[in-house]
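Bear in mind that the values in this text are calculations on the coordinates, not laboratory data. All values reported here derive from a predicted model rather than from experimental measurement. Cβ: placed from backbone, ideal geometry, glycine included. Neighbour counts: every protein chain shown.
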Amino acid sequence: MKDEREVIEIFENFGEKFLEEEKVNKKAKNVRKLIVKLLLPVKNKRILDAGCGIGLVSKNFLKFNPKEIYCLDISKKMIEIAKREIRSKKVKFFVDDMEKVKFPDNFFDIIVCNFSLHFKRKIRTTFKNFYRMVKQKGKILIAIPHPYRRTAKYSKNYFKFKKVWIIDKRMKRFFYTWKVEDYINIPIKIGFKLKEIREVESEKIGKVIYPLYLILLFEK
Ligand SMILES: C[S@@+](CC[C@H](N)C(=O)[O-])C[C@H]1O[C@@H](n2cnc3c(N)ncnc32)[C@H](O)[C@@H]1O
């Protein structure tokens, strides 16, 4: 619960600023576009945007005529902004924890979780909840900050699992140091099939160029 309280506090303070930053964050924009592209066609599909923030991934999906989108975030503030930013009868909004939220079994065609899973100490239970809620043959797409770049920049020991706090001029935030193999093996053990991996965008740290985002697409 402590982590969840901290996430809420982070995004209560950061919500409006996030909106400003993301309007000009070209790399993050490209990733959201790619996420949607990897999941097309979405016509007549029911989508869960888990950790939706201010709803930017959902906004991209709306252009492709899905049946409905469930925007879910643990932060009330982010959902308030998302409601203000998205005006479509196809979108419903929920404040809840993606690890615990109780939508029906086999309910969604697609679950997307962009840049939100690394806040979780227990990703296994979150993946289990996703598995329960997605339909047979349904898709789950996870996008996270690439663990290699994260190690180069913040956590130093790639193999040590810990909670890392970042305090910079942007904001105070944390993440858990899950490895690439965790993000792949945990969902596979639950029953998902891995369909595609993408390592996209880049950042130069010192003299080395690292991948910025890791995108994983699974099927139930
Ligand atoms: C970096 S933002 C990304 C938002 C959005 N997915 C996007 O593409 O812009 C992370 C979001 O995940 C949400 N979040 C973190 N942990 C969560 C949880 N356990 N359940 C639901 N939302 C969560 C935060 O409140 C925040 O809005």
Work out, in µm²/s and without decimals, the Stokes-Einstein translational diffusion coefficient of the chain at 20 °C, 1.002 mPa s, Rh from Kirkwood over C-alpha pairs. 122 µm²/s
In the chain, which Cys residues have no partner Cys with a Cβ closer than 4.7 Å? Cys113
Separation of region 76-134 and region 26-56 by C-alpha centroid, Å? 12 Å
Report the FRET efficiency, 1/(1 + (r/R0)^6), for Asn65 and Glu199, where r is their Cβ-Cβ distance and R0 is 41 Å, rounded to 0.05. 0.90
Which Cα, out of Ser202, Gly191, Ser155, lies furthest along the positive dipole direction of region 147-217 (beta carbon charges, K/R +1, D/E -1)? Ser155
Taking amide hydrogens as modeled 1.01 Å from N in the peptide plane, which residues meet the under 5 Å criterion relative to Ser202, leaving out close sequence neighbours? Leu212
Taking the Cβ of Leu216 as the centre, find all other residues whose Cβ is under 13 Å away and add up their charges (Lys, Arg: +1; Asp, Glu: -1). 0
What base-10 log of the normalised intensity I(q)/I(0) is obtained for region 178-220 from the Debye formula, alpha carbons as equal point scatterers, at q = 0.16, 0.17, 0.24, 0.27 Å⁻¹? -0.50, -0.54, -0.82, -0.93
Among Lys27/Lys172; Lys92/Lys189; Lys89/Lys122; Lys43/Lys139; Lys83/Lys220; Lys59/Lys169, which pairs are too far apart, with a Cα-Cα distance over 24 Å? Lys92/Lys189; Lys89/Lys122; Lys83/Lys220; Lys59/Lys169
Dipole-positive endmost among His118, Leu34, Ile69 within the chain (Cβ charges, Cα centre): Leu34
